[in-house]
1. Given (1) closer than 28 Å to residue 258 by Cα; (2) away from the ligand (no atom under 16 Å from the Cβ), identify the lone condition not met by residue 26.
2. Looking at 186, 212, 206 in this structure, which one is out of contact with any strand residue (DSSP E or B) (no Cβ under 6 Å at 6 or more places or on another chain), at pLDDT 95 or above and on the phi < 0 side of the Ramachandran plot?
3. Output the number of residues of the range 231-259 satisfying the condition of being in a helix (DSSP H, G or I) and either touching a helix residue (DSSP H, G or I) at 6+ places or on another chain (Cβ under 9 Å) or modelled with pLDDT of 95 or more (or both).
4. Say we look at the range 57-100 and pick out the residues that are more than 19 Å from residue 8 (Cα to Cα) and assigned to a helix (DSSP H, G or I); which of these is farthest from the chain's Cα centre (by Cα)?
5. Kindly check whether there is at least one residue in the range 49-56 that is in a loop (DSSP other than H, G, I, E, B), more than 9 Å from the ligand (Cβ to nearest atom) and modelled with pLDDT under 95.
6. Just for the range 182-207: of the residues that are assigned to a loop (DSSP other than H, G, I, E, B) and surrounded by fewer than 20 Cβ atoms within 10 Å (Cβ to Cβ), which one is farthest from the chain's Cα centre (by Cα)?
7. Which of (1) away from the ligand (no atom under 14 Å from the Cβ); (2) under 25 Å from residue 74 (Cα atoms) does residue 141 not meet, given it meets every other one?
8. Consider the range 151-174. How many of its residues are within 23 Å of residue 237 (Cβ to Cβ) and touching a residue at least 24 places away in the same chain (Cβ under 8 Å)?
Ligand code: SF4
């Protein structure tokens, strides 16, 4: 797939631009709604493809010269570290352009492949990396995100990023009722994050849309009944949220709700 543009204006808080080096995403998360955001319902199964946007680093280099400098969100729609990134290096080449022009960047990923680019990230003033970890339970993670690197691999990436002095944070989400919302699981995850030396998290609940209910029901069957019921119950998330906030306070982590 040939790239036509690189930077688009972002509506997300703290980001002026969005940059997505891949079309599609092989992480295949069962709670993903990127396919609808991208209006890519072309019959292909979501999670089965991820194509690098050809020529993107060159287009980006031109745009970085003429646009007003601002924070770039790298991977706001689909993950910038697909399996094929190892060979294509589309994301790495984009980061090199960003480093050259001294723009700030916020990378968002579920992949430990980001470790490969620590050398480039370390050269970028204002670089930060957010890694999503939905659970430490490997079995649950492989049910929720079958194509993504394991939670242990993501923790290791965090460790190396922190050691390299790069600003990091963890996104815990979506928090799905009855799946990854147990107090025990959340407490364990927060302790791991604190032990690594990450001082900031963002978290969010599952936001069900009709298309997502259909997608998740195909994977979870009747388990979706309770998930749907609790997702619409404001008390459920209020309780989860106060539990996280309280634990963060004890562990010296700054929590932010991603909404
Ligand atoms: S990593 Fe993001 S874009 Fe990729 S499948 Fe998961 S939720 Fe969707």
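The values are calculated or read from the model by the stated rules, or taken from the named source; none is laboratory data. Just so it is clear, the structure is predicted and the values come from calculations on it, not from any experiment. Cβ: placed from backbone, ideal geometry, glycine included. Neighbour counts: every protein chain shown.
1. Residue 26 satisfies all of (1) closer than 28 Å to residue 258 by Cα; (2) away from the ligand (no atom under 16 Å from the Cβ) except (2).
2. 186
3. Number of matching residues: 18.
4. 100
5. Within the range 49-56 (the criterion being in a loop (DSSP other than H, G, I, E, B), more than 9 Å from the ligand (Cβ to nearest atom) and modelled with pLDDT under 95), the answer is yes, since at least one residue qualifies.
6. The selected residue is 182.
7. Failing condition for residue 141: (1).
8. 6
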